[in-house]
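Some notes on the structure that comes next.
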Amino acid sequence: MRILLINPILYTAETDEIPKVTSIKDTMIYALCLGFLENGDIPVLIAASDYKPAVREDYPFEIVWMDTALKKLFKPRCLPWLPALGAYIKQNRAQIDGIISSEVFSLCSLTAVRKAPGKTIIWHELGAHNKIMHYIPSKIWYHIVARIFFRKTQIIARSQRASQFIGRFCPRVSGTIIDHGVNLHEIYAKEEKENRFVAVSQLIARKRIDRIIAVFADFIRQEEGRQNYILDIIGTGDKEQELKDLVWHAGITENVIFHGKLSHQQMAPLVAGAKAMLVYTEKDNSMVSIAESIAAGTPVVTTSVPFNSFYIKKEHLGIVKDEWNKDDLDRICRQNSKFVRNCMAYREKLSAAYGAGQFVDIFQKSRTQ
């Protein structure tokens, strides 16, 4: 099948100043496109040119970069408008077998359902109203626009929480949930773990890396023999120096390593070798880093905030607990082999190719109905 994927926002930008990256090959939607390719399908990705990498790259599938407009009103980091999208869909509609557009609250999704209503699926991630302008645009969109224009459109949620939320406004929410997939060919997995934990995150306030450091410090002080444990912190952000100062004041500089931003290839052995990935975020939807950790056979200790927490708890892939502490790190170590086995068994379900296959099945079933 020839699948058009509309995902203008390729990665998260914390401010209106979208940071330039050297590659987009570590993004969620890129992995999904590779999943379609692996299955023998033909993906075409529509992305906002604001996210085009600073370095020229070659891709094994077509990417159509489109300029955004009226950027002060429709900010590219949260609600981009691609004026050329409608004409592109109209011109190529006959050659497209299916369209997957990200989010119900999206000008691009509205364009897709109007230009190709019978071919469009919305892949929905948000589990609550968007906070832009005190929630007002979001509430108007879901209560009015979604109820009118998306009432006949099939919605595929990325999590249980997203399904429950969007089901309040759109009647055709599928019982199938398709999470962010990962490219298993790039995920190094192993069952033997070292005495270390890993945190893969932007070093910004809402990620609460300070809490991870504090709990880790309590953990290694709890018993003799814990002094050889290491916490690997992968990522950069405006809180980096503050976090390094916190580590120094806690007296654990020999136990915490700040690696900065790493490529997937550099990161893979650190994630695969850890007893657990640690997450203490205050605000996130589905986190690709969590899926990648589980695919590497590494369980996750997290708050209930990330939408991935639903299947982590259900499938026993780690520990889900708000305000988790040193006792939870102790438990993940004591029962590590059990959690690791569960992750290895669940690994295939996180494959981007598996998710792509689910989408194709849905498109094919809709043709016969």
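Using the Cα centre as the reference, give the magnitude of the dipole from point charges on the C-beta atoms of the chain (Lys, Arg: +1; Asp, Glu: -1; all else neutral), rounded to the nearest 20 debye.
Values: 49 positive and 40 negative charges, 347 e Å.
Dipole size: approximately 1660 debye.
Hey, quick one: spin label on ASP16, modelled 7 Å out along Cα-Cβ, who in the range 56-96 has an amide N within reach, i.e. under 16 Å?
68-81
Based on the alpha-carbon gyration tensor of the range 1-136 and its eigenvalue square roots a ≥ b ≥ c, which shape applies: rounded if a/c is under 1.5, prolate if not and a/b is larger than b/c, or oblate? Intermediate results must be reported in sequence, preceding the final value.
Numbers: a/c = 1.62, a/b = 1.18, b/c = 1.38.
Taking the square roots of the gyration eigenvalues as a ≥ b ≥ c, the range 1-136 is oblate.
Which value, in debye to the nearest 20, describes the size of the charge dipole of the range 260-366 about its Cα centre when Lys and Arg Cβ atoms bear +1, Asp and Glu Cβ atoms bear -1, and nothing else is charged? Show your work: numbers first, answer last.
On the way: 14 positive and 11 negative charges, 56 e Å.
So the magnitude is around 260 debye.
Quick one: ranking THR176, THR22 by accessible area, 1.4 Å probe, largest first, what do you get?
Working: THR176 50, THR22 95 Å².
Solvent-accessible surface, decreasing: THR22, THR176.
Just want the answer: with Cβ charges of +1 for Lys and Arg and -1 for Asp and Glu, which residue in TRP123, ILE46, ILE144 is farthest toward the dipole's positive end in the range 46-154?
With unit charges placed on the Cβ atoms, the residue in question is ILE144.
Could you tell me which trypsin sites (Lys or Arg not before Pro) in the range 72-142 are loop residues by DSSP with no more than 14 other beta carbons within 10 angstrom of their beta carbon? Numbers along the way, then the final one.
On the way: sites: LYS72, ARG77, LYS90, ARG93, ARG114, LYS115, LYS119, LYS131, LYS139; in loops: LYS72, ARG77, LYS131.
Sparse-neighbourhood loop trypsin sites (Lys or Arg not before Pro): LYS72, LYS131.
Starting from the Cα coordinates of the range 41-98, work out the convex hull volume and express it per residue in Å³. Provide the component values of the computation, followed by the final result.
Values: hull volume 5.8 nm³, N = 58.
So the per-residue Cα hull volume is 99 Å³.
Match the structure shown to one of the listed values (i) 23, 31, 20, 17, 8, 1; (ii) 30, 61, 9, 0; (iii) 28, 57, 15, 0 of P(r) over Cα pairs in 20 Å bins from 0, in percent, computed from it, and give that label.
Derived directly from the coordinates: (iii).
Might you tell me the accessible area per residue for the chain, computed with a 1.4 Å probe and given in Å²?
Values: 17120 Å² over 369 residues.
Accessible area per residue, the chain: 46 Å².
Which helices, counted as full DSSP H runs in the chain, have an axial Cα extent of no less than 30 Å and a Kyte-Doolittle average of 1.0 or above?
Membrane-span-like by this rule: not one helix.
Going by the alpha-carbon gyration tensor, a ≥ b ≥ c the square roots of its eigenvalues, is the range 240-360 rounded (a/c under 1.5) or, if a/c is not under 1.5, prolate (a/b greater than b/c) versus oblate?
On the way: a/c = 1.76, a/b = 1.51, b/c = 1.17.
Here the range 240-360 falls in the prolate category.
Given a cut-off of 29 Å, name the pairs among LYS193/LYS321; LYS131/LYS190; LYS139/LYS207; LYS139/LYS244; LYS115/LYS365; LYS25/LYS239 whose C-alpha atoms lie farther apart than that in the structure shown. Write down the numbers at each step before the final one.
Working: LYS193/LYS321 22 Å; LYS131/LYS190 40 Å; LYS139/LYS207 27 Å; LYS139/LYS244 41 Å; LYS115/LYS365 21 Å; LYS25/LYS239 26 Å.
In this structure, LYS131/LYS190; LYS139/LYS244 exceed 29 Å between Cα atoms.
Assuming a ≥ b ≥ c are the square roots of the Cα gyration tensor eigenvalues, decide whether the range 182-254 counts as rounded (a/c under 1.5), prolate (otherwise, with a/b larger than b/c) or oblate.
Numbers: a/c = 2.61, a/b = 1.15, b/c = 2.26.
Cα axes put the range 182-254 in the oblate bin.
Over the range 105-186, what lengths in whole Å, largest first, do the semi-axes of the equivalent ellipsoid take, defined as the square roots of 5 times the eigenvalues of the alpha-carbon gyration tensor? If you can, show how the numbers build up before the last one.
On the way: eigenvalues 90, 54, 32 Å².
Taking √(5λ) for each eigenvalue gives 21, 16, 13 Å, largest first.
Do the sum for the chain: with -39,500 (n - 2.57) for every DSSP H run of n ≥ 4, divided by all residues, what is the mean residue ellipticity at 222 nm, to the nearest 500 deg cm²/dmol? Intermediate results must be reported in sequence, preceding the final value.
On the way: 13 runs with 127 residues, N = 369.
Taken over the chain, the calculation gives -10000 deg cm²/dmol.
Within a Cβ distance under 10 Å of GLY86, other residues only, what is the Lys/Arg minus Asp/Glu net charge?
Numbers: positive: LYS90, ARG114, LYS115; negative: none.
Neighbour charge sum, excluding GLY86 itself: +3.
Counting only protein heavy atoms and using a 1.4 Å probe, what share of the accessible area of the chain belongs to carbon plus sulfur, as a whole percent? Can you show the working numbers first?
Details: 8510 of 17120 Å².
Here it works out to 50 percent.
The values are calculated or read from the model by the stated rules, or taken from the named source; none is laboratory data. Since the model is a prediction, treat every value here as computed from it, not as a measurement. Virtual Cβ from ideal backbone geometry, glycine too; neighbours counted across all protein chains shown. Keep in mind that these areas ignore ligands, DNA and RNA; they rest on the heavy atoms of the full protein, side chains included. Shrake-Rupley method; radii C 1.70, N 1.55, O 1.52, S 1.80 Å.
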